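Working notes, beginning with the structure itself.
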Amino acid sequence: MINSHSKNRQSGIYAIEFALITTVICLILIFSFQAVASLSIKGQLERLSFSLVSILRERTQLYNGNYTLTQPEANALYTIAQNSLNRTLSGYDDSNFGAVIEGLTFDSSKPPVGTPTRFELGSYHCNVPRDIASYQNLSVVTTWGRQAPLYRVTLCYKGVNYFALLHAGNYRRVEASSYSIGR
């Protein structure tokens, strides 16, 4: 014989199980949304940083053979990045975007020591732990016997944090860097 009092207790257990399972499913969905949003932004930043560093690499064609990066050139690249993200990233906020554009040129009279140039642009600070001078071993000697310049573009964006309600860390920062050897 089934005890009706036992049935009432079972329905309470089902409600508790339903609440726990619903909470776990909601957390999994929030994590999935966060991962998809971050990966989407990261992909856009990676493509954009590669395109910008490719422009720097072609300096002999675009900047009359001058290999040293200047502030107006860095500003122009930053403007290109801003305009591109404004077109392609929904909800783009310029205050959440930052860039570090670096160049390393070599003087033929004192190789292999390079002269670094670095421009930090935008209102959002990119945390780049190592400057481009620490990568000078990536540069090669060209067929003309000249040490090739090295360029790096780092883009950072502070995206959406779906975990903000849980106060579970900073999942907002997305960063991408691209390197290229000049011609």
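Extending 7 Å from the Cα toward the beta-carbon at both ALA15 and ILE181 defines two label points whose distance is 7.0 nm. Given a 1.4 Å probe and the protein chains as shown, PHE18 ends up with an accessible area of around 140 Å². Accessible area per residue was computed with a 1.4 Å probe on protein heavy atoms; CYS156 scores about 0 Å².
Put simply, when 83-89, 117-123, 45-51, 149-155 are sorted by average Cβ atoms within 10 angstrom per residue, most first, you get 149-155, 45-51, 117-123, 83-89.
The values are calculated or read from the model by the stated rules, or taken from the named source; none is laboratory data. Predicted model, so just to flag it, every value in this text is computed and none were measured. Ideal geometry is used to build each Cβ from the backbone, glycine not excepted, and the neighbour counts take in all protein chains shown. Ligands, DNA and RNA are stripped out before the accessible areas are found, and what is left, the full protein with its side chains, is counted by its heavy atoms. Shrake-Rupley method; radii C 1.70, N 1.55, O 1.52, S 1.80 Å.
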